[in-house]
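A short write-up of the structure that comes next.
Throughout, read-outs are computed from the coordinates displayed, never taken from laboratory work. Quick caveat, the model's predicted, so the values are computed rather than measured. As a convention, Cβ positions derive from the backbone with ideal geometry for all residues, glycine included, and neighbour counts pool all protein chains shown.
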Amino acid sequence: MSDATKDHTLHGGILYGIEGIEIELQGRLLPGRAKDWSISISGLPGPVIRETLGRLEAVFAKYGFAPPEGEVLINLAPPDVPKQGTSLDLPIALLALQCAGILPDLPAEYERRFLFIGELGLHGEIRPVRGVLPIAMVASSGQSLVVPVGNQKEACMVRATHGRENCDILVANTFDEVVNFIRGKTSLPNAAAQTVQYQPVIAKGTDFSVIKGQKEAKRAMEIAAAGGHNALLIGPPGEGKSLVARALPTILPRLSDSEKVDLTRIYSAKGLLTEDGSVVTRRPFREVHHTASKQSLVGGGTGVPEPGEISLANMGVLFLDELPEFSRATVEAVRQPVENGEITISRVGGSMTFPARFTLIAAMNPCPCGFYGLFTCAQCMAVASDASQGCPKCGSHQINPRCKCDARSVKAYQNKISGPLLDRIDIKVDVKPLSVEEKFGQEAAESSDAVRARVEAARDRQTARYGGTGISSNAAIPGGQVQKWCEFEPDAFEAYKQTISNGTFSTRATDRLAKLSRTIADLEGTPKIATRHLEEATELLTGSVLM
């Protein structure tokens, strides 16, 4: 059997959601007459892959590869997985040349040794593709990846963290370089033999030391970080709600090497790595505008599902500013991922589950005008948040409500947030206007590094407590196990029962109160929950200007 009539096999890879899948490309030349290249592809190729055939003809013409007498039939296995994207351009082109007898087959013992990845341009250049890291993660031990220039650093990440130390990362810039490599005329440079320099793709967030005042809000963020609790910041516009939220990632525990790879593969799949060698080294902070669609928030798409903002916020923070302005359907879609730490999306192209274990931080004004709960002195116009204490500047008790909204408007505005969503938020904190002394004070605030040290110590206690259980933090304790893990001192337990006896707490809120108390105790390093921990947790759970 001649080279032009036998079966041929190569291996490539595709991105499927955020996972890589190795694809076996099987080729054969069907007898017949053809003046031009005739290539058929089976195995659920997407429209982009079908467009590849036109580019291949231009590339073959550039290098003078004459068409064979017959039709090249290529099958992509596994056949039940939709194939999207341009990562199979390179192996399809090489396999077509093998079927035509222009290129030799790889030796039988090398059939699975190489995994080819790359998009072909009309001029024969091999262009980078998104999702190389997820594809590289499915490579077998000892398998060599042939990747475009611009993807080699990303591919090299799997060597140190996924047991692929013996995987070579061969780099090609043009199609003829790979053709000559298969012919045995040249070698391809091995990026794995070089020292790779990486740079963070996520900028460092706001340091706590630059935030003036807001002692209560910063304390709430520390507790949220220590236990993985969701929080709602409520206050007038311009007083630092967004600033406090943006500082939260800087006090979260540092990422492990394996966590960095897991996050980077999500960003690679979404095409968000700004350049080769970009790595997610910091916990993400995803700020979503209230005009965002439900699909952009949770993920989706028309074909194969793609991850949304909640998956990009995995292991980090999802920030929803102006919470009442979101559409009800959009914000309610967050409820299930908040509980489960993942999102399952079903589309025509398949059903996929993406990670979504994030800390939800939301912010809102208390009313349409934003000033509900604030009072203005009639004499000096100073702002106060407590009518009983009078003006903080002149001492006069002649202060008037600053908010001009009627009670019905305030209630309607706050009711835009559903009860079930509020029931999943552990911390509600009022962000009050800064005093003149706070605005112009020179006292240095505590740095994020100092706060993070306490947070990491609290997380270490949780890791030791929940080792082997699959519980990642206090907030993730399953409902039926709260009493097992949240142990109170006797007097604190009596106070806990008294607190929830009025019937205003749902069962979920009762559990959240215990979890929140457990986190405050962990920050203090106390084995059992004391009354002081319960009192602070109760204030965080219930104390706000919400009607």
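Structure values in brief
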item	result
0 to 90° range, to nearest 10: angle between helix 448-466 axis and the chain longest Cα axis	80
Region 8-193: antiparallel DSSP beta bridges as a percent of all, rounded to 5	60
Packing-based ranking, highest mean first, of 133-144, 458-469 given that Cβ atoms within 10 Å are counted	133-144, 458-469
Set of lysines with alpha-carbon distance to K35 below 27 Å, sequence-local pairs under 8 removed	K6, K62
Degrees between helix 507-524 axis and first principal axis of the chain (Cα, 0 to 90, nearest 10)	90
J(HN,Hα) series, region 368-373, from Karplus relation 6.51 cos²θ - 1.76 cosθ + 1.60, nearest Hz, glycine and proline x	x, 7, x, 10, 4, x
Residues with amide H under 5 Å from that of V279, placed H, sequence gap 5 or more	Q199, V201
Within-14-Å neighbourhood charge of R286 [Cβ basis; K, R +1; D, E -1]	+2
Cα-based reach from K439 at 20 Å (exclusive), listing aspartates and glutamates while leaving out same-chain residues under 8 positions away	D207, E216, E239, D386, D430
Region 8-193, relative contact order in percent, only Cα pairs under 8 angstrom and at least six apart counted	22
Counted charge near Q498, where neighbours are those whose Cβ lies closer than 13 Å (Asp, Glu -1; Lys, Arg +1)	-2
Beta bridges by DSSP in the chain, antiparallel share as percent, to the nearest 5	50
Where labels lie 7 Å past Cα in the beta-carbon direction, separation of F440 and V348 in nm	6.5
Compactness of region 8-193 - radius of gyration and Dmax, Cα, Å	15.4, 51
Phi to ³J(HN,Hα) by Karplus 6.51 cos²θ - 1.76 cosθ + 1.60 over region 98-113, Hz, x for Gly, Pro	5, 4, 7, x, 7, 10, x, 6, 5, x, 4, 6, 9, 4, 9, 6
Distance violations [Cα-Cα > 21 Å] among K218/K428; K218/K294; K212/K515; K484/K528	K218/K294; K212/K515
C-alpha center-to-center spacing [region 477-542, region 80-103] in angstrom	60
